[in-house]
Amino acid sequence: MTSKHLSYLLIGLLLLIQYPLWIGKGGWLRVWELDRQVQIQRADNQRLMHRNAALEADVRDLQVGTVSIEERARYELGMVKASEVFVQVTETADVKAHEIRTVGLAYQSASQSSAPKR
């Protein structure tokens, strides 16, 4: 065997040894891919932990006090107390910059009391 053949043989053996290290089941490319997936999952977990903390605070508020229940009823369901007037400010694209609409039990009761009785 000449030194030229021996060099090719050693290079071939070196490549065979390197294959599992880079491309095989537990190779570096697989490790890098798994590391990237772990980082993505950690970021997702962090986001979910913040969301869970916010939900937990909401549950605690709903269990402890009535202020939170009243606030949700006002904003989500549009409820008003009997002695209140609901005022909604909306922006429009025409000449008027704001349109104010008053709706509520106090407004309705005032208009009903001025109506003629039968």
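The values are calculated or read from the model by the stated rules, or taken from the named source; none is laboratory data. Computed from a predicted model, the values in this text were never measured in an experiment. Don't worry about glycine lacking a Cβ; one is built from the backbone with ideal geometry, like all the others, and counts go over all protein chains shown. Accessible surface areas use protein heavy atoms only, side chains included; no ligands, DNA or RNA. Shrake-Rupley method; radii C 1.70, N 1.55, O 1.52, S 1.80 Å.
Whenever a residue of the stretch 54-76 is over 25 Å from residue 89 (Cβ atoms), its partners that are surrounded by fewer than 11 Cβ atoms within 10 Å (Cβ to Cβ), lying with C-beta atoms within less than 9 angstrom and at least six residues away or across chains, give the pairs 61/67. Exactly one residue out of 107, 8 is modelled with pLDDT under 80 and assigned to a helix (DSSP H, G or I), and it is 107. Pairing residues of the stretch 77-103 that are under 18 Å from residue 67 (Cα atoms) and open to solvent by less than 90 Å² (accessible area, probe 1.4 Å) with residues that are aromatic (Phe, Trp, Tyr) and at pLDDT 50 or above, at Cβ distances under 8 Å and at least 6 apart in sequence or on separate chains, gives 78/86; 80/86.
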